[in-house]
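S.K.: Input: one structure, supplied below.
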Amino acid sequence: MLASLDLFKDNILIIVRILKKLSSNESDFTRVVIEVLYTIYDVDLQESQSRSEGSSDEEIDADLETEKAMQMLKCLDVIGCVLECTEENLNDNASMAGILESFILPSLKSTHLDTQFAAFQCLSLACLLDRTLAVAHLKLFLSAFHDPRIELSTLAMQKDFPNGKVFFDLAVLFGTDSMLDKELLSELISGNLQCEDEGLLTLAVEGAAKLMMLGCLTDPIILQHVVVLYYHPHTREMNRLRQCLSYFMPVFAHASHANQRLLQTVVVPTLELLGQEYVDSKDMLSPTHIGQQLIDWCDPRKVVRLDGGSTPSDEEGSHGDLAVLMLAAIEESDDPVMQKLYAQLLSKLYLGLFVAPEKLAQIAEATASQIQMLPKPSAVVNPLKKFAKSIADLDETSVAAGTADEFLKQQNLIVAMSGLRLQADPNRLPTAAVAGEASGDEDD
């Protein structure tokens, strides 16, 4: 039936699955398929030769070339369905290696694009069954990324077959270390995240999200690209891309503290880019709403713990790092709108004495310095003072000071907090003075 009829791909797949069910094992199944393939090739070739009788030599050559391409395309359709149904490693199936050498690899050099694409699809499926084969043909997949034909670039990441995204599947299945250098992987993905083609862009986003979720990719530049694309008005109509990221972003952030720390590093540059975009196009979320959502995703209390325990103390203060980054952005930015945005977002951070004393002292010093340096009146000073007052309510004298190093950090924190309170509320007495008055009242 496969050899004698021109069938649709779905019908071929059904017949191949039936053949596999009837076969005793993978080798028997492959042997039957090889017989079918050579039958297709021989039958079609004989028909082509009979039709060419009485024609000129040039016509015969052209007809034979076209017929051979059609023969191979039909064979590749069958091979693709066979590879979808095969689970055995190619090293354990010598017959499948023969199919690779006789049909797939020669077709990659075909001048007919349909045949070339079909061979590329079959090779992609074959590589999923054999690490050695995947590594050997890695350069071919990489070259496809830069191919001017969008169809081939897309095919490098996803096929029409149900197996999904080939390049990313190979990276996940065999590991990025064994496939290619992580720097090169980041460069390839980053380039495709900036392309104009919607389909290719969506596939790049889905692949990057998959690799980051599995910890195979930890490049902050890639993550920044992904976050920007989630909010950018350019992707507003890209439903598949937006749906993917609406699931990925909170799941990725709340999966681990390491993911949150990675996300924290891109919050400020992301807001800078989207803030500029918001000025040009109001058809998007405001930077304030975006910043609040990013801060919520970075909240260490929301990380999912499978053991049901509480957040470790060394991770609970991770918002302190984000506070330092935002205070630095206020100092470095020349845009009063962005300065005000960062100052307002500071009050949304989860901070307390669980933040490392040296980090808390750094935050207090930077906040006090900004309040003192910024011109008054200023739209930035008021939200900064609000943030400063929330920090000033902390009792730094309760910080552990059992060792000499801890005592030194506590003293530095006390000095920094005193300076902060002076800038936030000049009429407020320092903590040490309040403690002294309380002690004097007790003596009386």
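S.K.: Highest first, please rank the peptides 88-94, 373-379, 114-120, 272-278 by the mean number of other Cβ atoms sitting within 10 Å of their residues.
M.R.: Numbers: 88-94: 14.9, 373-379: 11.7, 114-120: 21.0, 272-278: 17.9.
Highest-to-lowest ranking by the protection proxy: 114-120, 272-278, 88-94, 373-379.
S.K.: Based on the alpha carbons, how large is the Rg to Rh ratio for the stretch 66-149 when Rh follows Kirkwood?
M.R.: Values: Rg = 12.5 Å, Rh = 13.1 Å.
Rg/Rh for the stretch 66-149 comes to 0.96.
S.K.: Whole number in Å², please: accessible area per residue of the stretch 187-264, 1.4 Å probe, ligands, DNA and RNA not counted. Working shown, then result.
M.R.: On the way: 3070 Å² over 78 residues.
For the stretch 187-264, the solvent-accessible area averages 39 Å² per residue.
S.K.: Counting just the Cα atoms, what span does the stretch 245-366 cover along each of its three principal axes? Round to the nearest Å and put the largest first.
M.R.: Reported extents, whole Å, longest axis first: 47, 38, 18.
S.K.: Not counting ligands, DNA or RNA, and with a 1.4 Å probe, what is residue 182's accessible surface area in Å² rounded to the nearest 10?
M.R.: Probe radius 1.4 Å; accessible area of residue 182 about 90 Å².
S.K.: Check the straight Cα-Cα distances from residue 376 and name the lysines below 23 Å, setting aside those fewer than 8 residues away within the same chain.
M.R.: Candidates past the 8-residue exclusion: 340, 385, 386, 389.
S.K.: How about the stretch 245-310: which trypsin sites (Lys or Arg not before Pro) there lie in a loop by DSSP and see at most 15 other Cβ atoms within 10 Å? Kindly include the intermediate steps, with their values, before the conclusion.
M.R.: Working: sites: 261, 282, 301, 302, 305; in loops: 282, 305.
Those that pass, being in a loop and sparsely packed, are 282, 305.
S.K.: Around residue 349, with a cut-off of 11 angstrom between Cβ atoms, what is the net charge of the other residues, counting Lys and Arg +1 and Asp and Glu -1?
M.R.: Here the charged neighbours net out to -2.
S.K.: When ranked by the protection proxy of mean other Cβ atoms within 10 Å per residue, highest first, what sequence do the peptides 124-130, 186-192 form?
M.R.: Values: 124-130: 22.7, 186-192: 18.7.
So the order, starting with the most tightly packed, is 124-130, 186-192.
S.K.: Continuing with this model, one more query. Quick one: compute the contact order of the stretch 274-382, relative version, from alpha carbon pairs under 8 angstrom and 6+ residues apart, as a percent.
M.R.: Values: 85 pairs, mean separation 29.7, N = 109.
RCO, the stretch 274-382: 27 percent.
S.K.: Separate question: Quick one: net charge of residue 321's neighbours, Cβ under 9 Å, K/R +1, D/E -1? Can you show the working numbers first?
M.R.: Working: positive: 261, 359; negative: none.
My count for the surroundings of residue 321 gives +2.
S.K.: What is the gain in length, in nm to one decimal, between residue 325 and residue 173 on full extension, counting 0.36 nm per residue of separation less the C-alpha to C-alpha distance?
M.R.: Details: separation 152, 0.36 × 152 = 54.72 nm, distance 3.65 nm.
Result: 51.1 nm gained on full extension.
S.K.: Show log10 I(q)/I(0) for the stretch 164-270 at q = 0.14, 0.22 Å⁻¹, two decimals, from a solvent-free Debye sum over equal Cα scatterers.
M.R.: Per q value, in the given order, log10 I(q)/I(0) is -0.51, -1.31.
S.K.: Once fully extended, how much extra length lies between residue 27 and residue 400, figured as 0.36 nm per residue of separation less the alpha-carbon to alpha-carbon distance?
M.R.: Working: separation 373, 0.36 × 373 = 134.28 nm, distance 6.97 nm.
Full extension from residue 27 to residue 400 adds 127.3 nm.
The values are calculated or read from the model by the stated rules, or taken from the named source; none is laboratory data. What you see is a predicted model, and the numbers here were worked out from it, not measured in a lab. Cβ: placed from backbone, ideal geometry, glycine included. Neighbour counts: every protein chain shown. Remember, those area values only see protein heavy atoms, side chains included, never the ligands or the DNA or RNA. Shrake-Rupley method; radii C 1.70, N 1.55, O 1.52, S 1.80 Å.
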